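Heads up, the thing below is written out as structure tokens.
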Amino acid sequence: MLIYDVPLFQVLSGCAIIVRGQPRGGPPPERQINLSNIRTGALARRAPQSQPDQKDTPDEPYAFQAREFLRKMLIGKEVCFTVEVKTALGREYGMVYLGRDTTGENIAESLVNEGLATVRREGIRGNNPDQARLCDLEDQAKASKKGMWTEGGGTNTVRDLKYIIENPRNFVDSMHQKPVNAVIEHVRDGSVVRALLLPDYYLVTVMLSGVKCPTFKREADGTESPEPFAAEAKFFTESRLLQRDVQIILESCPNQVILGTILHPNGNITELLLKEGFARCVDWSMAVYTQGAEKLRAGEKSAKERKVRIWKDYVAPTANMDQKDRQFVAKVMQVVNADAVVVKLNSGEYKTIHLSSIRPPRIEGENKDKDKRFRPIYDIPYMFEAREFMRKKIIGKKVNVTVDYIRAATSASETSTIPAFAERTCATVTIGGINIAEALVSKGFATVIRYRQDDDQRSSHYDELLAAEARAIKNGKGLHSKKEVPIHRVADISGETQKAKQFLPFLQRAGRSEAVVEYVFSGSRLKLYMPKETCLITFLLAGIECPRGSRNMPGGMQVAEPFSDEAMAFTKELVLQREVEVEVESMDKAGNFIGWLHIEGVNLSVALVENALSKVHFTAERSSYYKTLVSGEEASRLRKDKVSPQFAPCFCLLAFWGHLWSHLTISIRLKVFTDPPVPEYRRPDPGSRSRIPNEATGLGMI
């Protein structure tokens with residue numbers, strides 16, 4: 001007689017158990033042991049769904065009580081058993097003892113003593129002391145009226161099993177996410193179990209919220225083929241939960257699938273599966289997980305970093321990046337639409353950062369007005385609000401950037417409709433602990449991108465983004481609002497001479513007007529958005545002459561003047577997308593307005609001159625800022641920095657004629673646009689002298 005010492009795996013009934021050895025390189029094989037010389041009641045069995053004529057078989061009296069007696073006594077314990085008989089069909093009968101040897105409690109005797117089993121007296125031998133003891137214990141149980149020997153026949157011990165729930169959603173809602181006592185009856189795979197809910201005996205299938213384990217695929221011939229690590233994940237869950245007393249929080253029921261979290265005193269199986277690399281996070285069900293989605297992400301991240309099990313070949317999206325490139329602090333220089341920013345690194349380099357996992361507002365359908373130039377920032381609903389939200393929050397400020405992934409460049413092909421995109425750096429941008437992407441989504445100014453389950457190129461705060469989007473949808477914010485979308489009718493009068501003439505008197509009388517710098521063409525040429533006038537204008541800084549950048553001319557490309565790039569960079573860093581004040585004095589023949597721009601008390605013209613990035617133009621003499629401009633230019637000239645050293649004697653004559661021509665042009669322009677109509681000209685007397693002042697001809701400045 002061989003004696004086996006193994007852990008108990010499952011109790012099939014009051015007289016049958018399944019044992020398994022220790023796992024070695026995979027799940028160990030199962031072995032069923034039937035208790036010799038005794039019999040217990042049969043448990044309930046559901047009729048096959050393929051045979052609708054058959055009825056479900058209920059419990060026999062005390063069958064469930066016998067199974068529960070063994071389950072509570074043996075599950076999770078080591079047992080010792082001996083095999084006495086092995087039938088031709090391979091069924092094994094023997095004795096089972098609690099503990100590592102036969103000195104432990106005899107399970108069959110305990111069942112008989114409690115009145116939960118009967119002795120098979122027809123096969124008893126008179127010279128077998130173990131069998132004789134079973135008979136004595138049965139007689140004592142009868143005398144004591146224990147278990148099945150009580151009066152009444154035990155009909156009250158038969159369960160009313162409920163295999164089908166008519167309305168699963170209402171059933172889940174009725175639980176109010178409170179823990180329900182349960183016993184795990186079956187494990188289909190690592191993340192799907194069959195549970196018996198107590199005390200009402202509902203038999204339900206529960207899928208773990210927020211995770212998914214490898215599964216067993218059913219082939220055409222009816223066999224099942226496991227995905228990699230499917231068997232290991234199933235054994236991991238079975239060895240910890242099968243037939244254990246647990247509590248289940250029923251959290252949601254999408255598409256008739258009950259989602260829940262299983263709580264056990266030794267830990268949360270959902271988090272353990274992730275940590276050990278047996279499962280991956282699932283976005284669609286993680287939103288209902290009540291124990292904190294961040295714990296699930298942390299568990300999955302730990303498994304990825306250790307490259308265990310299903311993550312053995314995992315390569316992080318930023319694995320090839322240095323730490324200093326993955327996390328850094330930078331200054332926001334520009335907001336691009338509503339999902340990207342241009343930042344300035346500590347090295348002085350500029351870098352475009354796209355916000356991870358969000359999509360800015362998009363236009364629905366095609367642009368109906370094909371003749372009208374499409375302007376995304378004003379024509380796409382909520383794009384302007386989204387851009388303004390970001391601009392006011394982060395422009396010109398230091399932000400923390402955490403790179404989540406690098407999206408590879410895509411090239412457009414003749415057969416593909418996908419446009420070509422350059423390589424994109426996608427990151428989480430925070431300021432003062434606030435995630436800008438999450439703030440955008442919560443306001444309804446952006447939506448969250450949905451990914452394939454195996455796509456790891458996503459935000460490191462993806463769950464927070466999904467939660468923020470859910471709140472925005474619930475509250476009807478922004479894009480999710482049922483109200484009419486806001487319309488921005490912004491007139492672009494850049495280069496429109498006639499329209500500019502109409503606006504000029506209003507802007508001149510307004511004095512200092514508020515504006516937002518939308519674009520910087522050069523150090524002294526900008527495009528402004530005027531909120532009160534709801535128009536876009538091209539604005540030229542008065543009183544200075546900046547180096548010109550390279551331009552396409554009819555004869556070819558005009559070479560940029562020295563320091564033109566530096567002047568434009570200076571202006572961009574100081575005023576781009578900032579709120580400024582402008583004083584409009586005049587306009588040129590192309591419809592561009594000329595005047596002074598102030599930001600936080602700083603005159604941009606003066607700032608450019610003081611930093612030797614522009615020269616004072618002679619037209620500034622009539623301005624109240626002339627002395628400040630001249631003193632700034634003198635200081636920069638003494639430093640012999642940048643533009644100032646170019647004032648060499650050999651250029652004096654050229655500069656003189658340039659100034660003269662500019663002055664004549666501006667003087668005539670001012671006369672045309674600002675002076676009252678000139679009265680009819682009368683020929684003067686031959687002896688009289690002209691009364692036209694020198695200033696009108698431009699000669700007064702010579």
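What the table shows:
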read-out	value
Stokes-Einstein diffusion coefficient of the range 1-153, Kirkwood radius over Cα pairs, 4 °C, 1.567 mPa s, in µm²/s	78 µm²/s
Dimensionless Rg ratio for the range 229-357, taking C-alpha atoms and the 2.2 N^0.38 Å reference	1.45
Cβ charges +1 (Lys, Arg) and -1 (Asp, Glu), total dipole of the range 483-642, debye	280 debye
Sparsely packed GluC sites (Glu not before Pro) within the range 148-211, loop by DSSP, other Cβ within 10 Å at most 13	Glu151, Glu166
5 angstrom amide H check on Val180, placed H, neighbours 5+ away	Ile248, Ile249, Leu250
Residue order, fewest to most surrounding Cβ atoms within 10 angstrom, among Ile269, Ile165	Ile165, Ile269
Distant-in-sequence amide H partners of Gly523 (H built 1.01 Å from N, under 5 Å)	Met568
Contact order normalised by residue count of the chain, Cα under 8 Å, 6+ apart, percent	6 percent
Net lengthening on full extension, Asn128/Arg407 (0.36 nm per residue, minus Cα-Cα)	92.7 nm
Normalised contact order of the range 80-238, rounded percent, pairs of Cα under 8 Å and 6 or more residues apart	12 percent
Tilt relative to the chain, helix 497-510 - C-alpha long axis, 0 to 90 degrees, to 10	90 degrees
Distance from the range 80-109 to the range 175-195 (C-alpha centre basis), Å	31 Å
Net lengthening on full extension, Arg91/Lys398 (0.36 nm per residue, minus Cα-Cα)	103.1 nm
Hits among aspartates and glutamates - C-alpha to C-alpha of Lys145 under 20 Å, sequence gap 8 or more where chains match	Glu60, Glu68, Glu109, Glu114, Asp136
Nonlocal amide H pairs with Arg159, under 5 Å, H built at 1.01 Å	Asp59
Ranking of Arg387, Arg91, Arg578 by count of other Cβ atoms within 10 Å, fewest first	Arg91, Arg578, Arg387
Spatial separation of Cα centroids for the range 495-545 and the range 239-258, in angstrom	65 Å
Charge dipole (debye, nearest 20) of the chain; +1 at Cβ of Lys and Arg, -1 at Cβ of Asp and Glu	1540 debye
Hz values of 3J(HN,Hα) by residue in the range 268-275 - Karplus curve (6.51, -1.76, 1.60), Gly and Pro given as x	9, 5, 4, 5, 5, 4, 5, 4
Fully extended contour minus Cα-Cα distance, from Arg100 to Arg31, at 0.36 nm per residue	23.1 nm
Percent RCO, i.e. relative contact order, over the range 3-157, from Cα pairs under 8 Å lying at least 6 residues apart	23 percent
Within the range 436-506, trypsin sites (Lys or Arg not before Pro) in DSSP loop having at most 13 other beta-carbon neighbours inside 10 Å	Arg450, Arg452, Lys482, Lys483, Arg489
Greater than 23 Å apart at Cα, pairs in Lys501/Lys532; Lys392/Lys499; Lys392/Lys443	Lys392/Lys499
Those lysines that a straight Cα-Cα span of less than 28 Å connects to Lys307, excepting residues fewer than 8 apart in one chain	Lys212, Lys217, Lys234, Lys275, Lys295, Lys324
Protection proxy ranking, peptides 515-525, 99-109, average beta carbon neighbours within 10 Å, highest first	515-525, 99-109
For the range 107-118, 3J(HN,Hα) per residue [Karplus equation, 6.51 cos²θ - 1.76 cosθ + 1.60, θ = phi - 60°, Hz, x = Gly/Pro]	5, 4, 4, 5, 5, 5, 5, 8, x, 9, 8, 10
Neighbour-count ranking [beta-carbon atoms within 10 angstrom, fewest first] of His461, His354	His354, His461
Anchor Lys72: lysines whose Cα lies under 20 Å away (excluding residues fewer than 8 positions away in-chain)	Lys146
Backbone HN-Hα couplings from phi across the range 632-637 [Karplus 6.51/-1.76/1.60, Hz, Gly and Pro as x]	x, 5, 4, 5, 5, 5
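Throughout, read-outs are computed from the coordinates displayed, never taken from laboratory work. Fair warning: this is a prediction, and the values are worked out from it, not measured in the lab. So basically every Cβ, Gly included, is an ideal-geometry build from the backbone, and we count neighbours across all protein chains shown.
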